[in-house]
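Student: Input: one structure, supplied below.
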Amino acid sequence: MKAAMLYGVKDLRVEDVEEPKVEAGEILVKIKAATTCGTDLKIFQRGYVEKVIKLPTIFGHEWGGEVVEVGEGLEWPKKGIRVRAGNSAPCLHCTMCQSGKYNLCENMIWLWGAYAEFIKVPARMVLVNMQEIPQHVSCEEAAITEPLACVLHGAEEARVKLGDTVAIIGAGPIGLLHLLTLKKMGVEKAIMIDLVKERLNFAAKLGADETIDPGKADVVNIVRQMTRGYGADIVIEAIGSPATWEQSLRLVRKGGTVLEFGGCPPGTEIKINAEMLHYGELTVLGTFHTTPLHFRKALNLIASRTIDVRPLITKKMRLKDIKDAFEVLATSKSEIKIAINP
Ligand SMILES: [Zn+2]
Ligand SMILES: [Zn+2]
């Protein structure tokens, strides 16, 4: 089968590889669509931690497709139905899982291989993190279950409340998913911050109440002006750079919450003003990845169109052109997510 193999930074090749062999408890899925992700672009451009991705590997982790082979011992799924699965499956019995922190599982299985003709879903993932895609939902849409699940987990941990004012730094795919989610959660005002004008315009179309270009204005002052001098109730960093992690701490009001959502490169350290943290009673939290519960919720919200992710797919490309797709993502100002069809 054809698959896009990642060998290293910026080294992605479409090759003929052996089709995976299905064993007991596993299934084989013919991929109908995969979607590109900010994490994929990050890995393509700068690499990633080996715990999550070991190279070389077939790349990509957001997908939907049709079950074409079912391993021994499985009553579900049936051949022919459409499913999405992964990209992770916690073990359910380590200390983290047993305390309900499934996203921090110490024996997590990660599934890569969306940019290919077929993908094999491991037995544990079939059991704990795979869902049937409802008939009216496209595989492209269903593929976005993964990033939305991460966003739902973050929004829950940040305890977003009805009537909050939220500032989101970064209007890429993840920032925009935060925007769509928080608007549905009833925030009063969503302020989007990004250096790219096209992205801010797109965010405004998706419901952002205010947009700020930090290249043109003093973000801290403007956010204060927009919030009666206080700062936002909740600030979400959705970029993953130390400068914006620190900036997010200056945009929040006293007693507010900062969610550092975008992952920085390993070894990154940031400065926090101790006075602000203590006397201002800030809550600063990070969230990583997500849980099977949130995957299920995310697919349901996509299916009901409570969170309509369709506008985020701004382009479609073929698997053979995957390298070009990443060039487009790295340079384009207007493409958000690209659907890759085999
Ligand atoms: Zn993703
Ligand atoms: Zn575990």
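The values are calculated or read from the model by the stated rules, or taken from the named source; none is laboratory data. In this text the structure is predicted, and so the values were computed from the model without any measurement. As a convention, Cβ positions derive from the backbone with ideal geometry for all residues, glycine included, and neighbour counts pool all protein chains shown. Side chains are part of the model used for accessible areas, which takes the heavy atoms of the whole protein and leaves out ligands, DNA and RNA. Shrake-Rupley method; radii C 1.70, N 1.55, O 1.52, S 1.80 Å.
Student: Write out, first by first residue and then by second, each pair whose Cβ atoms fall under 7 Å of each other, whose residues are 6+ apart or on separate chains, and whose first residue, in segment 176-197, is of a type in the set (Ser, Thr, Tyr) while the second is open to solvent by 10 Å² or more (accessible area, probe 1.4 Å).
Tutor: Correct list of pairs: Thr181/Leu152.
Student: Sort out which residues of segment 9-29 are more than 27 Å from the chain's Cα centre (by Cα) and open to solvent by 60 Å² or more (accessible area, probe 1.4 Å), and write them in order of number.
Tutor: Asp16, Glu18, Glu19, Lys21, Glu23, Ala24
Student: Another question about this same structure. Can you spot a residue in segment 139-153 that is without any contact (Cβ under 8 Å) to a residue 40 or more places away in the chain, open to solvent by 10 Å² or more (accessible area, probe 1.4 Å) and either part of a helix (DSSP H, G or I) or within 16 Å of ligand 1 (Cβ to nearest atom) (or both)?
Tutor: no
Student: Out of everything in segment 223-249 that is acidic (Asp, Glu) and closer than 30 Å to Glu50 by Cβ, what residue ends up being surrounded by the fewest Cβ atoms within 10 Å (Cβ to Cβ)?
Tutor: Glu246
Student: Go through (1) open to solvent by 10 Å² or more (accessible area, probe 1.4 Å); (2) on the phi > 0 side of the Ramachandran plot and name the single condition Gln131 misses.
Tutor: Here Gln131 clears every test but (2).
Student: Being buried (at least 19 other Cβ atoms within 10 Å of the Cβ) and away from ligand 1 (no atom under 16 Å from the Cβ) is the filter here; which residues of segment 70-115 pass it?
Tutor: Within segment 70-115, Val70, Pro77, Arg82, Val83, Pro90, Cys97, Tyr102, Cys105 meet the criteria.
Student: A further question on this structure: Could you grab the pairs with beta carbons closer than 7 Å, sequence gap of 6+ or different chains, first residue in segment 71-92 and at negative phi and in a loop (DSSP other than H, G, I, E, B), second one within 16 Å of ligand 2 (Cβ to nearest atom) and among the hydroxyl-bearing types (Ser, Thr, Tyr)?
Tutor: Pro90/Tyr102
Student: Can you pull out the residues in segment 74-98 that are of a type outside the set (D, E, K, R) and more than 10 Å from ligand 2 (Cβ to nearest atom)?
Tutor: Within segment 74-98, Leu74, Trp76, Pro77, Gly80, Ile81, Val83, Ala85, Gly86, Asn87, Ser88 qualify.
Student: For segment 293-332, enumerate the residues that are open to solvent by 70 Å² or more (accessible area, probe 1.4 Å) and in a helix (DSSP H, G or I).
Tutor: Selection gives Leu293, Arg296, Lys297, Asn300, Arg310, Lys320, Lys323, Asp324, Glu327, Thr331.
Student: Give segment 54-77 a look and list any residue that's under 16 Å from Ile322 (Cβ atoms), touching a helix residue (DSSP H, G or I) at 6+ places or on another chain (Cβ under 8 Å) and hydrophobic (A, V, I, L, M, F, W, C), or say none.
Tutor: Once the filter is applied, which keeps residues that are under 16 Å from Ile322 (Cβ atoms), touching a helix residue (DSSP H, G or I) at 6+ places or on another chain (Cβ under 8 Å) and hydrophobic (A, V, I, L, M, F, W, C), segment 54-77 yields Phe59, Trp63.
Student: May I pose another question? Would segment 155-169 turn up any residue that is within 16 Å of ligand 1 (Cβ to nearest atom) and in contact (Cβ under 8 Å) with a residue 12 or more places away in the chain?
Tutor: No, that holds for no residue.
Student: Which residues, taken from segment 250-284, are of a type in the set (A, V, I, L, M, F, W, C), open to solvent by 30 Å² or more (accessible area, probe 1.4 Å) and closer than 24 Å to Thr227 by Cα?
Tutor: Within segment 250-284, Phe261, Ile272, Ala274, Met276, Leu277, Val284 meet the criteria.
Student: Taking Ala208 and the conditions (1) open to solvent by less than 20 Å² (accessible area, probe 1.4 Å); (2) aliphatic (A, V, I, L, M); (3) within 30 Å of Glu281 (Cα to Cα); (4) not in a loop (DSSP other than H, G, I, E, B), which numbered condition does it fall short on, given that it satisfies the others?
Tutor: With (1) open to solvent by less than 20 Å² (accessible area, probe 1.4 Å); (2) aliphatic (A, V, I, L, M); (3) within 30 Å of Glu281 (Cα to Cα); (4) not in a loop (DSSP other than H, G, I, E, B) applied to Ala208, the lone miss is (4).
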